[in-house]
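Worksheet: the structure to be examined is printed underneath.
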There are 2 protein chains.
Amino acid sequence: MKQIVESPVNRRKSLCMDQFFYPRSLAVIGVSPKKSNLARNVIRNCIEFGFRGEIFGIGKRPGRVFGVPIFESIEAMPKGVELGVVLTPAQSTPDVIKKLGKRGVRRIILETGGFSEFDMRRKVLEDEILQIMRHYGQRLIGPNCLGIINMKSGLCTPFADYRYSVSAGSVSIISQSGGMGRTLFTVMENEAIGLNKFVSVGNKLDIGEAELLKFLLSDPETSLVVLYLEDIRQGRDILRIAANSDKPKIVLKSNRGKAGASIALSHTAAMATDDKVVTAALTQAGIIRIDNTYELAKSLKAFQMPALRGPNLVVISRSGGHAVVAADACENHRFHLPPLPSGVAGKLKKHLRSNVIKLKNPLDMGDVYDLTVFPVAIEESLKQETIHGVLFILIYSEQTSGKDVHGIIPRLQELMEKYEKPVAATLISSAEGLRKIKQQSGFPVFAFPEEAVEALAISYQHYLLSRHRQLPQTPLRAGSNPEVASQIKRVKKAERNFLLHESFKIVEAYQLPVPGYKLVQKRSEAVEFVREFGLPVALKIVSRSLVHKSDRGGVKLDLDTLAKLHQAFTEMEIRIGDLNLEDQEGGLMVQKMVPPGQEVILGARRDPNFGPVVLFGLGGVLSELFKDIVIRLAPINHSQVKKMVRQVKFLPVLYGIRGGPCLDINLIEECLLKLSDLITSHEEIEEVDINPLIVYPKNGYIVDARIILAQGVRERD
Amino acid sequence: MKQIVESPVNRRKSLCMDQFFYPRSLAVIGVSPKKSNLARNVIRNCIEFGFRGEIFGIGKRPGRVFGVPIFESIEAMPKGVELGVVLTPAQSTPDVIKKLGKRGVRRIILETGGFSEFDMRRKVLEDEILQIMRHYGQRLIGPNCLGIINMKSGLCTPFADYRYSVSAGSVSIISQSGGMGRTLFTVMENEAIGLNKFVSVGNKLDIGEAELLKFLLSDPETSLVVLYLEDIRQGRDILRIAANSDKPKIVLKSNRGKAGASIALSHTAAMATDDKVVTAALTQAGIIRIDNTYELAKSLKAFQMPALRGPNLVVISRSGGHAVVAADACENHRFHLPPLPSGVAGKLKKHLRSNVIKLKNPLDMGDVYDLTVFPVAIEESLKQETIHGVLFILIYSEQTSGKDVHGIIPRLQELMEKYEKPVAATLISSAEGLRKIKQQSGFPVFAFPEEAVEALAISYQHYLLSRHRQLPQTPLRAGSNPEVASQIKRVKKAERNFLLHESFKIVEAYQLPVPGYKLVQKRSEAVEFVREFGLPVALKIVSRSLVHKSDRGGVKLDLDTLAKLHQAFTEMEIRIGDLNLEDQEGGLMVQKMVPPGQEVILGARRDPNFGPVVLFGLGGVLSELFKDIVIRLAPINHSQVKKMVRQVKFLPVLYGIRGGPCLDINLIEECLLKLSDLITSHEEIEEVDINPLIVYPKNGYIVDARIILAQGVRERD
């Protein structure tokens, strides 16, 4: 039996992850010498990437493949192999993993597909594997994945050909899809940005993105992590891990809509989640979310420059057209272009050969053919305290001035380092020349002025996010409200959800303002209510079977005489009979009408991946059309709620627009804090909808509320 | 004296443009043998691009430059030269153009900068040139431009080095900026899309984009025109020309905001215009507007495929991740992914080697290694009448399957032609291999699934726009309203604008509904009004000096008792005194209050570039925040106004949302038609703002109106 040699790589803190990324020995299960065999590609990849540990193959035909010994069974293989890569058919895998366990292999990459992503009935296979793993103390990446590439250790487990597609660098990738991972490599290759580690996680049966992210953020070889995800499990863990590291994290999260979710479910068994919650949560943790693959290139390049720490830019262009386009883009991203600092103008004057250049910002240096003037202008700009970065746009011919341009690139690098400010350079020339600059200098080159401006916007956004990370404190606030707890218990026991008057009681238990109301069965009770509370009133049918009351004629508003109340009562009784709505808990609700005011929506929800969140937005008939909603992870504190409320588009209405009064923003904030308390303290509550809260200058009223229990019967329509 | 030889190019209809693009002879003025001389580059470019006509140089030192004879004066040059390219200092150019005129040169490209784009005072130079041109019957492109490249005639007048940057094809470009033109070439080179003609128009002193667009759209060598513009003059001409051609037209219009406008003014003397009007107008003419340089590549590739004529796509991918990303993008662009047609599923079944592929749409063919299966799946999809196009995503290694992939490309081309449906292919592999495919086949290759989906969206948008081009009839409708005409005359004579009651009179002359109102000076008149019209009423200060009444306490609403009216009257009188608002024409307006209802905005405006437009949008306090506005060129007809009204986001509110009633959409349409009449029939009116029209189920009222005259005093604040 062969001796296992110690790998030259130093072991780190996380032995588990080290054995995955820097294994001293590797077994590939499912190898055959046939050309169509996929497992043999793993062996070839590892050899080509310079893997320095031992490699063994397991397959039906013993012999050698690419010089690596093939054993006929796992039992025949040497003991103590650290990592097993499995590519046998799905049905065989529990047995394979068990045999690997018996042979002492504790780390498994299961690349085979055809599990729960293909058919939910195959979940049993996954469960069987989990049991075996637990028994043998194994950890597993996959199934349905490509595994790991580590440019440092030479481990390269994908079963496709990965030669020539990646160079070494400091960007690491976690991808839920092997194919999308490859696309990310393509983007990086085009920008001459090198890879450090890549891991394709597939169905995430055991190890998920949280554990891997933690490893990569603490990995000294990794400077930035890109994640491609189709679902996000352990959402809070990921946020916490991300928020604790200053390394840039870029997430491309797909599976955003209904169509995407349908394929994602079968692809890597991803669960769809509310896309807006994802964005809100990632932002709170200081993670950059990109909306599509396009945006990766500029995002990566954004972090090849020092951070942009303010909104003031100087734009220096050799072409007026590019200056116009750049100015549009700057305005679009709310950058400021202050007047050209006088120092810059003074320095430049003597360099200009004719008199057709206006010394302003953006600076159109159309007539300047001496390239050394540009670094002078850039340095003078960077020197100014009030200037935070430079956008430099240079159009040139590689044939006539390529050499000169290549000459100023190191100078621009120096200037960025000296002043710790970004110089986003848009170079417009031949593709070949630009590739050379990227490869030789690692200098970020932008293709269009708009791309450079967007990269600066990402840099600035990341700078602000990093400074204002606002993750909620964990553990979640305890201390449930006893009144609420007993109500929940009672309703759950009845296997139903809260009715309107019961929802009101819950929010009242948290001192939220509800106008006078009463659930009545008899006409005389309604009249009595009016005697006590006055007119006008509203009348609403309360029934388990009628959720969207107003759509079904279950609501009568503005009853301002007793006669109208009587008539409405009669109509409602008939409707209850017609719709067969009678139930034990329900009845008719009389409710005091409140005057018109600004309608807002408040809510709380338990997201399956990120846990409790609160939301605030525009109410009224336009709410569904304009979707002006802000979401935050719960619990929120006073300073967070203030920022949250001030992020809606309709904020000027709250402050008083067109001479209107300033509305009671404090009340909105208090309500949100209480909703945050309510949802974080009562795990049974899945959703609270307050729609609307009507806000006045000095108070407000909750006119409708709906509370849904997680385990209760869902009475949605 | 040398004889001018006839150029081999056939002369076309437009002799003027032919002499610019296919001149038989060319004189370059301002040539010197010095390396820094720019004019000599024009000569070198023409030689390198294979210009077949005669070339002469004019410069201080006679001799030869690149083998071309240099004359020391224009007078010494042979007579009858067709095109003169001028690069002498700005101050000298009137004289140069005059001398060219005397020598019979009728076509001028004036490349020199330093005219009105640099300093408005230099406009006199431009005026002088115009006078000379008219005298000699000359036509001119520029100043401040690069002139023309014609890949067919070999004319290449830019003074920068253009070698290696362009290949020949059928896309033509009109660019207001030489630098941005070069950026467009870069994009085309990356996609292996060839250039036919390029023209840089600069300050557009004589020839502008309209004339050039007309020429290029009728040019049989041009299949598609790209325009980069910083301003659009002769807007209606451009729209008419564009709408009369089926060739795709793509516009990148910069100078959209304030910052852009400030540099653009100095760059090519562009005038800023309202960006929303630009978008509306271009769309009406069937022109594709792209928002930034990024979008050019996918837009050009969109037209390398047959048009997408419906929203139903089949997505076929080798990677599940790409299928998820593609499905997201499809949903985002409102494409449908119908269930996989049974024909496709049936054909595929026998090709699949294992059982881990679900036959659905998007189709994730992760396990298919036989590349010939893909064209089968694609053809089966294209065959279906209900499927309008295919999105095909293939990840592969150039080293192992490059040859096979290159092999199926001609098959995909054939399928597109056979079924006249697009196959948008996203190929993910090495840059080198993809470049080869593009160059050898002219087949559009997309880099990301999102890019392919966006290209299909552009194709579909263009298809719909081409079918529904809705340009207004010209000439504009005549027949001014005599009442309105006399009012305008009176107010213009007084060198002021319409006051509120006068604006009401104008809209009433067009039978628009205004609630009862009266301009009063005395308290008794107000009381008399109430006797006739009843309560409640509003009271408004009407004064030349107070435009935004409500912001300055000039409006009292809901006066529902006589006592309140009296009190308000007293307060207003004091305010008029305080603010010194007394004027001859003004006073106080009593107006009948109307009940609350849905507020909408109606308007008409005379755009400096596109002429009269009408607009419709959401009213009320949220209007400024959500900017839900639709704009159309006036005059509009019945069918256009119906479509226009149905494009606002808040449309469901008009139809009746949450059990609300359907509102009087007919009234809105009638009002818009009348506003269209009003603005097209009275050239003196620059702007009509109706904010709001309050709409009810069966009628509505204009509560405030403002009419601004073009020549009148602008009383805006």
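The values are calculated or read from the model by the stated rules, or taken from the named source; none is laboratory data. All values derive from a computational prediction rather than experimental measurement. Virtual Cβ from ideal backbone geometry, glycine too; neighbours counted across all protein chains shown.
When the range A:255-284 is examined, which residues are found to be outside any helix (DSSP H, G or I) and either at pLDDT 60 or above or not small (Gly, Ala, Ser) (or both)?
A:Asn255, A:Arg256, A:Gly257, A:Met271, A:Thr273, A:Asp274
Would you check which residues across the range B:271-298 are more than 14 Å from chain A (Cβ to nearest Cβ) and under 30 Å from B:Ser381 (Cβ atoms) and list them?
B:Gly286, B:Ile288
Might you check whether a residue that is at pLDDT 95 or above and within 14 Å of another protein chain (Cβ to nearest Cβ) occurs anywhere in the range A:683-696?
So far as the range A:683-696 goes, yes, one or more of its residues are at pLDDT 95 or above and within 14 Å of another protein chain (Cβ to nearest Cβ).
Inspect all residues belonging to the range A:328-343 and state whether any of them is more than 25 Å from B:Gly179 (Cα to Cα) and surrounded by fewer than 18 Cβ atoms within 10 Å (Cβ to Cβ).
The answer is yes; a qualifying residue exists.
Quick one: count up the residues across the range B:647-681 that are free of Cβ contacts under 8 Å to residues at least 40 places away in the same chain, within 14 Å of chain A (Cβ to nearest Cβ) and either of a type in the set (Val, Ile, Thr) or in a loop (DSSP other than H, G, I, E, B) (or both).
Count: 11.
In the range A:155-254, which helices (runs of 4 or more DSSP H) lie fully inside it and hold 1 or more residues that are away from chain B (no Cβ under 13 Å) and under 30 Å from A:Ala425 (Cβ atoms)?
A:209-217, A:235-243
Just to verify a result, which residue in the range A:379-416, among those that are assigned to a helix (DSSP H, G or I) and within 14 Å of chain B (Cβ to nearest Cβ), is surrounded by the most Cβ atoms within 10 Å (Cβ to Cβ)?
It comes out as A:Glu398.
Please verify whether A:Gly257 is without any contact (Cβ under 8 Å) to a residue 40 or more places away in the chain and within 11 Å of chain B (Cβ to nearest Cβ), treating the condition exactly as stated.
yes
Cβ-Cβ below 9 Å, separation at least six or inter-chain, first residue in the range A:361-378 and away from chain B (no Cβ under 11 Å) and more than 19 Å from B:Ala90 (Cα to Cα), second aliphatic (A, V, I, L, M) and assigned to a loop (DSSP other than H, G, I, E, B): which pairs?
A:Val373/A:Leu352; A:Val373/A:Met365; A:Phe374/A:Met365; A:Phe374/A:Val368; A:Ala377/A:Met365; A:Ala377/A:Val368
When the range B:224-244 is examined, which residues are found to be acidic (Asp, Glu) and within 20 Å of B:Asn144 (Cβ to Cβ)?
Within the range B:224-244, B:Glu230, B:Asp231 qualify.
Kindly check whether there is at least one residue in the range A:303-311 that is surrounded by fewer than 22 Cβ atoms within 10 Å (Cβ to Cβ), away from every other protein chain (no Cβ under 11 Å) and assigned to a helix (DSSP H, G or I).
Scanning the range A:303-311, I find no residue that is surrounded by fewer than 22 Cβ atoms within 10 Å (Cβ to Cβ), away from every other protein chain (no Cβ under 11 Å) and assigned to a helix (DSSP H, G or I), so the answer is no.
Exactly one condition in (1) surrounded by 24 or more Cβ atoms within 10 Å (Cβ to Cβ); (2) more than 8 Å from chain B (Cβ to nearest Cβ) is false for A:Val325; which is it?
A:Val325 satisfies every listed condition except (2).
Can you find, within the range B:106-125, the residue that is surrounded by the most Cβ atoms within 10 Å (Cβ to Cβ) among those that are at pLDDT 95 or above and away from every other protein chain (no Cβ under 13 Å)?
B:Ile108
Condition test on A:Met151, is it outside the structural domain of A:Gly50 (by TED's automatic domain parsing) and either farther than 15 Å from A:Ala39 by Cβ or modelled with pLDDT under 95 (or both)?
Taking the combined requirement at face value, the residue satisfies it.
Can you say whether B:Lys347 is over 26 Å from A:Asp119 (Cβ atoms) and either β-branched (Val, Ile, Thr) or not in a loop (DSSP other than H, G, I, E, B) (or both), as far as the supplied structure shows?
Here the answer is no, as B:Lys347 does not meet what is asked.
Please indicate, with yes or no, whether at least one residue in the range A:541-558 is touching a His at 6+ places or on another chain (Cβ under 9 Å), under 29 Å from A:Val695 (Cβ atoms) and assigned to a loop (DSSP other than H, G, I, E, B).
Yes, the range A:541-558 has at least one match.
For the range A:417-437, which residues satisfy the criterion of being within 12 Å of another protein chain (Cβ to nearest Cβ) and either in contact (Cβ under 8 Å) with a residue 24 or more places away in the chain or out of contact with any strand residue (DSSP E or B) (no Cβ under 7 Å at 6 or more places or on another chain) (or both)?
A:Thr426, A:Leu427, A:Ile428, A:Ser429, A:Ser430, A:Ala431, A:Glu432, A:Gly433, A:Arg435
So which residues in the range B:94-125 are closer than 25 Å to B:Glu75 by Cβ and under 30 Å from the mean Cα position of the chain (by Cα)?
B:Arg107, B:Ile108, B:Ile109, B:Leu110, B:Glu111, B:Thr112
A quick yes/no check of all residues on (1) touching a Pro at 6+ places or on another chain (Cβ under 6 Å); (2) assigned by TED's automatic domain parsing to the domain that holds A:Gly321; (3) modelled with pLDDT of 95 or more:
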| position | (1), (2), (3) |
| --- | --- |
| A:His351 | no, yes, no |
| A:Asn355 | no, yes, no |
| A:Tyr396 | no, yes, no |
| A:Asp404 | no, yes, no |
| A:Ile408 | yes, yes, no |
| A:Val423 | no, yes, yes |
| A:Ile428 | no, yes, no |
